[in-house]
Amino acid sequence: MNLIQVHPDSDFPIQNLPYGIFSTQANPDPRVGTRLGDFVIDLALLDNESLFGKQYAFFADSSLNRFMSAGRETWRDIRQQLTRLLGEEQASLKKEALIPVSEVQMHLPVNIGDYTDFYASREHATNVGIMFRGRENALMPNWLHLPVGYHGRASSVVLSGTDVIRPRGQAAPKGPPPEFVASRSLDFELEMGFFIGSGNELGDPIPIANAHEHIFGMVLLNDWSARDIQAWEYQPLGPFLAKNFATSISPWVVTMDALEPFRVAGPNQDPAPLSYLRSDSASGLDITLEVSLQSARMDSPQVISRSNMKHLYWSIEQMLAHHTITGCNMRPGDLCGTGTISGPTEDSYGSLLELTWRGEKPIQLSSGEERKFLQDGDVLTMKGYCQGDGYRVGFGEVTGKILPALK
Ligand code: MN
């Protein structure tokens with residue numbers, strides 16, 4: 001009989017097997033684990049016991065980078081062995097390898113060298129375009145031809161649960177001169193992140209047909225954004241300080257192999273993209289996404305948006321092919337964000353900017369409060385999962401609490 005029973009609503013059944021970095025009081029060395037139901041499985045320990053048939057020293061590492069760089073064949077071998085070890089052979093595992101999730105501390109899973117954020121949702125780009133430039137000029141002329149992106153800041157990518165300090169900066173809501181203020185319009189962006197596994201050499205682009213072999217897995221990502229700082233600084237080079245103070249990710253990296261059953265056709269792309277961005281395979285992912293907010297006065301979180309990754313116009317393979325078409329080299333552990341994932345309806349928008357339409361339509365909270373943008377003490381949480389037949393492949397959550405600006 002199996003030691004670990006998994007509820008059908010659990011994000012972490014045997015079909016998932018995500019990877020993360022954890023430590024325990026008994027062994028404070030951060031190391032690689034996977035998750036099954038409410039247990040974390042110590043892969044460094046399984047490796048020490050030679051349960052994989054051969055040894056993978058990288059499970060004792062404090063990041064997933066060496067594992068990620070090992071390449072797709074190794075990822076698949078290990079997943080197959082884990083499916084066997086944690087499935088039919090689970091009863092033979094040492095009890096010490098199975099740790100209740102309440103006893104572990106999670107750490108940032110990846111040593112992130114570079115972080116790039118895209119802008120791949122047509123609905124999001126259109127909504128923001130209407131607000132800032134009017135309906136006629138909502139989408140910029142390049143938008144339907146390439147996945148727009150910018151190079152972000154890797155140093156401030158933080159693990160779910162890390163508090164976010166309200167940033168200070170320049171804002172000029174009524175035009176110049178600017179004031180120096182604590183941001184008055186702090187926002188979230190509902191995104192997914194994908195991690196590069198094996199990279200490419202400088203000068204050697206990743207063709208779109210091979211892009212899937214280079215992507216290790218995905219996490220939930222919140223691209224915290226200070227809209228007032230952004231509006232003043234963003235022209236002509238794009239976001240800078242408005243987004244560099246924090247980007248939160250969920251702790252478990254769900255592999256592309258686990259997500260494969262949830263591939264769906266992406267949206268029709270018209271005009272057809274240039275050939276280096278063209279692909280025949282199903283490139284969308286059916287991932288149900290949900291955002292909730294809990295103010296300091298509320299007893300429980302309130303769902304404020306429901307969206308889905310399948311709405312994205314550009315696929316993650318197109319993003320990667322585009323990113324490297326110049327010969328730009330990606331390295332194991334590099335992180336890419338999809339951009340805000342907004343759906344077609346008003347209750348599926350992926351930011352407060354859109355949900356409240358720039359503050360014109362505040363959200364009513366169950367406490368009687370209203371929100372245009374995030375207030376100090378607010379806790380913002382994103383969840384995501386793929387629904388299978390009788391099981392879910394989920395991401396857990398990414399959460400963060402807003403703290404007041406520093407004096
Ligand atoms: Mn973003």
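Evaluate the following for Val101: is it closer than 20 Å to Lys243 by Cβ and among the β-branched types (Val, Ile, Thr)?
For Val101, the condition - closer than 20 Å to Lys243 by Cβ and among the β-branched types (Val, Ile, Thr) - is not met.
Return the pairs, sorted by first residue and then second, in which the second residue is modelled with pLDDT of 95 or more and within 9 Å of the ligand (Cβ to nearest atom), the first residue lies in the range 335-352 and is closer than 18 Å to Ile249 by Cα and of a type in the set (D, E, K, R), the beta carbons are less than 6 Å apart, and the residues are 6+ apart or on different chains.
Partner pairs satisfying both residue conditions: none exist.
Given the conditions (1) buried (at least 21 other Cβ atoms within 10 Å of the Cβ); (2) in a helix (DSSP H, G or I), which single one is not true for Trp314?
Here Trp314 meets the rest and fails (2).
Any residue at all in the range 226-237 that is closer than 16 Å to Leu159 by Cα, touching a Leu at 6+ places or on another chain (Cβ under 9 Å) and crowded, with 20+ Cβ neighbours inside 10 Å?
no
Which residue is farthest from the ligand (Cβ to nearest atom), if the candidates are limited to the range 319-332 and must be within 17 Å of the chain's Cα centre (by Cα) and not in a loop (DSSP other than H, G, I, E, B)?
Leu320
Output the residue which, of all residues in the range 333-388 that are assigned to a loop (DSSP other than H, G, I, E, B) and within 27 Å of Asn111 (Cβ to Cβ), is farthest from the ligand (Cβ to nearest atom). Show your work before the answer.
Within the range 333-388, the subset assigned to a loop (DSSP other than H, G, I, E, B) is 333-334, 338-345, 349-351, 356-362, 365-369, 372-378, 388.
So of that shortlist, the ones also within 27 Å of Asn111 (Cβ to Cβ) come out as 333-334, 338-341.
Values: Gly333: 20, Asp334: 16, Thr338: 8, Gly339: 5, Thr340: 6, Ile341: 10 Å.
Here the answer is Gly333.
This table checks each residue for (1) crowded, with 23+ Cβ neighbours inside 10 Å; (2) farther than 30 Å from Pro207 by Cα.
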site	(1), (2)
His322	yes, no
Pro344	no, yes
Glu360	no, yes
Ser366	no, yes
Leu380	yes, yes
Ala405	no, yes
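Given the structure, is Thr83 within 23 Å of Cys386 (Cα to Cα), out of contact with any strand residue (DSSP E or B) (no Cβ under 7 Å at 6 or more places or on another chain) and in contact (Cβ under 8 Å) with a residue 40 or more places away in the chain?
Details: within 23 Å of Cys386 (Cα to Cα): yes; out of contact with any strand residue (DSSP E or B) (no Cβ under 7 Å at 6 or more places or on another chain): yes; in contact (Cβ under 8 Å) with a residue 40 or more places away in the chain: yes.
Yes, satisfied.
Is there any pair linking a residue in the range 21-37 that is among the acidic types (Asp, Glu) to one that is in a strand (DSSP E or B), with Cβ under 8 Å and at least six apart or on different chains, and which?
These pairs meet every condition: Asp29/Ser23.
I need a count of the residues in the range 260-269 that are part of a loop (DSSP other than H, G, I, E, B) and surrounded by fewer than 19 Cβ atoms within 10 Å (Cβ to Cβ).
Qualifying residue count for the region: 4.
Of these, Ile130, Ile112, which one is closer than 21 Å to Phe240 by Cα, more than 13 Å from the ligand (Cβ to nearest atom) and hydrophobic (A, V, I, L, M, F, W, C)?
Being closer than 21 Å to Phe240 by Cα, more than 13 Å from the ligand (Cβ to nearest atom) and hydrophobic (A, V, I, L, M, F, W, C) holds for just one of Ile130, Ile112, which is Ile112.
Would you call Asn210 more than 21 Å from the chain's Cα centre (by Cα) and among the polar types (S, T, N, Q)?
yes
When you scan the range 189-227, how many residues do you find that are in contact (Cβ under 8 Å) with a residue 40 or more places away in the chain and more than 16 Å from the ligand (Cβ to nearest atom)?
The qualifying residues number 22.
Can you tell me how many residues in the range 171-188 are in contact with a strand residue (DSSP E or B) (Cβ under 6 Å, 6 or more places away or on another chain), within 16 Å of the ligand (Cβ to nearest atom) and more than 25 Å from Val253 (Cα to Cα)?
Of the residues in the range 171-188, 2 are in contact with a strand residue (DSSP E or B) (Cβ under 6 Å, 6 or more places away or on another chain), within 16 Å of the ligand (Cβ to nearest atom) and more than 25 Å from Val253 (Cα to Cα).
Only one of these is aliphatic (A, V, I, L, M), in contact (Cβ under 8 Å) with a residue 12 or more places away in the chain, within 16 Å of the ligand (Cβ to nearest atom) and outside any loop (DSSP other than H, G, I, E, B): Val303, Val291. Name it.
Of the residues listed, the single one that is aliphatic (A, V, I, L, M), in contact (Cβ under 8 Å) with a residue 12 or more places away in the chain, within 16 Å of the ligand (Cβ to nearest atom) and outside any loop (DSSP other than H, G, I, E, B) is Val291.
If I ask for residues that are surrounded by 10 or more Cβ atoms within 10 Å (Cβ to Cβ) and either assigned to a loop (DSSP other than H, G, I, E, B) or under 26 Å from the mean Cα position of the chain (by Cα) (or both), which ones from the range 133-147 would you list?
Ala138, Leu139, Met140, Trp143, Leu144, His145, Leu146, Pro147 - these are the residues of the range 133-147 that are surrounded by 10 or more Cβ atoms within 10 Å (Cβ to Cβ) and either assigned to a loop (DSSP other than H, G, I, E, B) or under 26 Å from the mean Cα position of the chain (by Cα) (or both).
Would you mind stating whether Ala272 is farther than 17 Å from Gly396 by Cα, hydrophobic (A, V, I, L, M, F, W, C) and at pLDDT below 95?
Values: farther than 17 Å from Gly396 by Cα: yes; hydrophobic (A, V, I, L, M, F, W, C): yes; at pLDDT below 95: no.
No, not satisfied.
Pick from Ser160, Ser121: which is out of contact with any strand residue (DSSP E or B) (no Cβ under 7 Å at 6 or more places or on another chain), within 27 Å of Gly343 (Cβ to Cβ) and among the small types (Gly, Ala, Ser)?
It is Ser121.
The values are calculated or read from the model by the stated rules, or taken from the named source; none is laboratory data. All values derive from a computational prediction rather than experimental measurement. Here the Cβ is made from the backbone with ideal geometry for all residues, glycine too, and neighbour counts use every protein chain on show.
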